[in-house]
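**Student:** I'd like to ask some things about the structure below.
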Amino acid sequence: MHGRVKIKSTAQQEEEKRKEREKKLKIYVAARDACFSKRKDGVWDDEALQLTQQLLSSNPDFATLWNYRREILMHLETVKDEDEVQKIYEAELFFLESCLKVNPKSYGSWHHRGWVSARLPRPDWARELSLCDRCLSLDDRNFHCWDYRRMVVKMSGVPVDKELEFTDRLIGSNFSNYSSWHYRSTLLPLLHPESPEPPSPSREPPQSSPPPSPQTHSHRVCEEQLLKEYELVQNAFFTDPNDQSAWFYYRWLLGRAEREEMISCVYVSRDEERVAVAFSRPVNAQSVGLLLVLDGQPQRVEWRSVHPRFKHSPVWICDLPPGTISDITNEHNLTVHWTEKPTHRDCALYTGRNESWCRDSATDQELFRSELSVEKTSVLQSELQSCNQLQELEPLNKWCLLTIILLMRALDPLGYEKETLAHFQTLKEVDSMRSAYYSDLCSKFMIENTILKMEYAEVRVFSISDKNLTTLCHLDQLLLVTHINLSSNQLQRLPPQFAMLQCLEVLEADNNSIESLEGVYHLPKLEEILLRNNKISTLADLQPLASCPKLKRLDLRGNPITQTSSIESQLAELLPSVTELLL
Amino acid sequence: QGTQVKDVIIKPDAPSSLLLDKHADYIAAYGSKKDDYEYTLSEYLRMSGIYWGLTVMDLMSQLPRMNRAEIIDFIKACQHECGGISASIGHDPHLLYTLSAVQILSLYDNMDAINIDKVVDPFHTLFGIAGLSLLGDEQIKPVNPVLCMPEDVLQRVSLQPDLLS
């Protein structure tokens, strides 16, 4: 560690100390220079081993010396027999233990130990595990040790149930243990998987087939085990409601479902001869093999994201060659292929219709996978009951409040809207240092609710005014929206993602604090923008609007920019299509 | 038990203003302590140490007090054949110190001091994204070399490195 401790002492003691340190330094420097010089000369001898050992025992973070030491050891492997190598590496492990005592968090030491253990002809994994136990008993959050333990478990084939017992012991002795809960979360799905045919519980360690790894295996746990886990973790947070680790584990247990990956919407417009495609997650059109087929013919088109800023975007647009679909008397059939998956979506553009789209209905789509959506309703309700009980005992506990909000959203986002808003209010009071986070999170949930209401009503108007919105999100869900009302909120910007509102005709955003309009960019149908009482201050702020060809009406009253001299003529030049300008 | 709370009670007679000059003096003098034991032992992270010191001096508008030419020569001497840069002369190249070196050169606007084409190879990691940005990669967002974070993120959270002086 590189710091120094101040100790008051007499001048003489100071002088003595100084002389001692000077001597120490001389020895150190001599050894270091000798090491460097030997390495330069390509020398891999015993003396080199001794010198590096000397330096590393007091300075185990000196990474270059570990590199040199490994070079020497690898050389020795080629000239010594197996027994000698075994002895050398066992001595190395012994040396490493002393290094770890000096600094149990030295990257160099742990890495070297892992390297040695992997090369040892006859490793003693039981001893390595016991070293980990000892280390963790001194500091149960030493991630170096946890990583090393995971490596040992993997190399030696320790059965998953034994490791689960290990976490039982750790958690039993101290509930506050992120690392143990986290480790548990990786072990449970292996031992008690959710899949319909769980592997038969086996007493022998895995033999020929490699043990399922968290990467290849589902992360879900079977119900029987889950219920036991709920009990375990409830004990933890009822015992100490202020300990975060149990709450986070609880949220993990309740589960977050993976949203199905698909093309969520295809929209086509004759006016712009343009196709817009929305995906369930941001993609890069080039790498997913996006293919447009029109009336059975693959089309050569260039896909672009809604804003040059985004290489990855949930929404991609392409222009069809002029004249392809402009004749309203013609019917067309489009298919968009996500060839990488593979999946596709069809869209029919009928005679007499100017535009068309295709997407799943709101009930099919399950638009917002709640944080806790996997569990059955009955389980979620019972968990909500428990949390509500705790909340009565601990009304100021923020973890409990937040978890209740998440449970309510999983059960019935629209039905619990009032309670959710009330709880957020309480949260901002009890945890005021994070009130901005809660405001943003609440904004997100209110946007989700508004989208749900819009979906159920099957309209293309999105209205969310006077809801204390501090941020925008889920803009990819608003591809089809023609009218948006964001007025009387606390928004500061319409970010580049706003450009996903490709069908937007009217934008109402009065009474906010908007300074940036980056996202009002190439919106082909946008005709009216209402920005009264915001914070638009320079002409540059309005630059993106110049890319909207149909913009006719612009209300900028109550913005600082209206104070700029000759603003009217500047705007006439920047936005020639605007016929109605309110300043 | 729970998570440990390590609050400290600040006494009423504790200084209430940040003693910037003292901090600046300390850092300006730090590099000259070549006969200091801890200084020598921490040689394995020298490049990062230099970066940390320079950043703070920059925030205090006292960067000119540091020896620019000497530091740049030091960086040049630390670039290896493979393109990577080491913490100090004679040490092995490493991603951590390559990044620190790039950050320093960005502060000093002297990226040409090293062989840029060669150095880019160590950067194929997320950690190296900041370095790539500072090296002028057009596909990557501009990164602030002092805070080592994307500029637009800093703007969004209204966090500009305020000069302390």
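The values are calculated or read from the model by the stated rules, or taken from the named source; none is laboratory data. The shown structure was predicted, so the numbers you read here are calculated from the model rather than taken from an experiment. Neighbour counts run over all protein chains shown; Cβ positions are idealised from the backbone, glycine included. In case anyone asks, the SASA skips ligands and DNA or RNA and just uses the protein heavy atoms, side chains included. Shrake-Rupley method; radii C 1.70, N 1.55, O 1.52, S 1.80 Å.
**Student:** All other residues with a Cβ under 14 Å from the Cβ of A:N512 taken together, and with Lys, Arg as +1 and Asp, Glu as -1, what is their net charge?
**Tutor:** Around A:N512, the charge tally is -1.
**Student:** If you don't mind, there's one more thing I want to ask. Where does the charge balance sit around A:G114 when Lys and Arg score +1, Asp and Glu -1, over other residues with C-beta under 13 Å from its C-beta?
**Tutor:** That sum, taken over residues with Cβ under 13 Å, equals +3.
**Student:** Just subtract the alpha-carbon distance of A:D41 and A:K341 from 0.36 nm times their residue separation and send over the number in nm, one decimal.
**Tutor:** Working it through step by step, the gained length comes to 102.4 nm.
**Student:** Rounded to the nearest 500 deg cm²/dmol, what is the calculated helix-only ellipticity per residue at 222 nm for chain A, with -39500 (n - 2.57) per DSSP H run of length n ≥ 4?
**Tutor:** That comes out to -14500 deg cm²/dmol.
**Student:** Right, next: Let me understand region A:265-358 better: what is its radius of gyration from the alpha carbons, and its Dmax, in angstrom?
**Tutor:** Taking only Cα atoms of region A:265-358, I get Rg and Dmax of 12.7, 38 Å.
**Student:** A further question follows. Multiplying the sequence separation of B:A28 and B:M149 by 0.36 nm and subtracting their Cα-Cα distance, what value in nm do you get?
**Tutor:** Length gained, B:A28 through B:M149: 41.0 nm.
**Student:** Can I ask one more? Pop out the ³J(HN,Hα) list for region A:95-110 in order, Karplus 6.51 cos²θ - 1.76 cosθ + 1.60 with θ = phi - 60°, rounded to Hz; leave Gly and Pro as x.
**Tutor:** Going residue by residue, I get 4, 4, 4, 5, 4, 5, 5, 5, 9, x, 10, 7, 3, x, 5, 5 Hz, with x marking Gly and Pro.
**Student:** Contact order normalised by length for region B:13-107, with contacts defined as Cα pairs under 8 Å and 6 or more residues apart; what percent is it?
**Tutor:** Relative contact order of region B:13-107: 27 percent.
**Student:** Then there is this: What total accessible area, in Å², is buried where chains B and A meet, using a 1.4 Å probe and rounding to the nearest 100?
**Tutor:** The buried area between B and A, both sides summed, comes to about 2100 Å².
**Student:** For the protein assembly as shown, go through all pairs of different Cα atoms, get the mean of 1/r, take its inverse, and jot down that Kirkwood value in Å.
**Tutor:** Hydrodynamic radius (Kirkwood, Cα pairs) of the protein assembly as shown is 31.4 Å.
**Student:** Let me know the shape class of region B:20-119, please: from the alpha-carbon gyration tensor, a ≥ b ≥ c as square roots of the eigenvalues, rounded when a/c is under 1.5, otherwise prolate if a/b is greater than b/c, or oblate.
**Tutor:** oblate
**Student:** If you average the alpha carbon positions of region A:480-509 and of region A:422-454, how far apart do those two centres end up, in angstrom?
**Tutor:** Cα centroid to Cα centroid, the span is 20 Å.
**Student:** Ignoring ligands, DNA and RNA, please state the percent of accessible area on the protein assembly as shown from carbon and sulfur, probe 1.4 Å.
**Tutor:** On the protein assembly as shown, the fraction of accessible area on carbon and sulfur atoms equals 52 percent.
**Student:** Enter the accessible area of A:K162 (Å², nearest 10), with the probe set to 1.4 Å and all protein chains included.
**Tutor:** It works out to around 110 Å².
**Student:** Another one. With the contact rule set at Cα under 8 Å and sequence spacing of 6 or more, what percent relative contact order holds for chain A?
**Tutor:** Averaging sequence separation for qualifying contacts and normalising by length gives 6 percent for chain A.
**Student:** Something else about it: If each DSSP helix of 4+ residues adds -39,500 (n - 2.57) and the sum is divided by the residues in chain B, what number results at 222 nm, nearest 500 deg cm²/dmol?
**Tutor:** Taken over chain B, the calculation gives -12000 deg cm²/dmol.
**Student:** Roughly how crowded by other chains is peptide B:33-42, in terms of the mean Cβ count from those chains within 10 Å of each of its Cβ atoms?
**Tutor:** Average neighbour count from other chains, rounded to a whole number: 5.
**Student:** When ligands, DNA and RNA are left out and all protein chains stay put, how many square angstrom of accessible area per residue does chain A have with a 1.4 Å probe?
**Tutor:** The answer is 51 Å² per residue.
**Student:** Under a Cβ-Cβ cut-off of 15 Å, what is the net charge of the residues other than A:P395 that fall near it, where Lys and Arg count +1 and Asp and Glu count -1?
**Tutor:** Surrounding charge for A:P395 is -3.
**Student:** List the Cys residues of chain A that have no partner Cys with a C-beta closer than 4.7 Å.
**Tutor:** A:C35, A:C99, A:C132, A:C222, A:C265, A:C318, A:C387, A:C400, A:C442, A:C473, A:C503, A:C548
**Student:** Output ³J(HN,Hα) for region A:41-49: one whole-Hz value per residue in order, computed from phi by the Karplus curve 6.51 cos²θ - 1.76 cosθ + 1.60 with θ = phi - 60°, and x for Gly and Pro.
**Tutor:** My calculation for region A:41-49 gives 7, x, 8, 10, 10, 4, 4, 4, 4 Hz in order.
**Student:** Which of the pairs A:K19/B:K33; A:K105/A:K154; A:K311/A:K444; A:K38/B:K76; A:K24/A:K80; A:K398/A:K418 have their Cα atoms more than 27 Å apart in this structure?
**Tutor:** A:K24/A:K80
**Student:** Take region A:459-582, compute every pairwise Cα distance, and split them into 5 Å bins from 0; I just need the percent in each bin.
**Tutor:** Values per bin, smallest distances first: 2, 12, 23, 28, 20, 10, 4, 1, 0.
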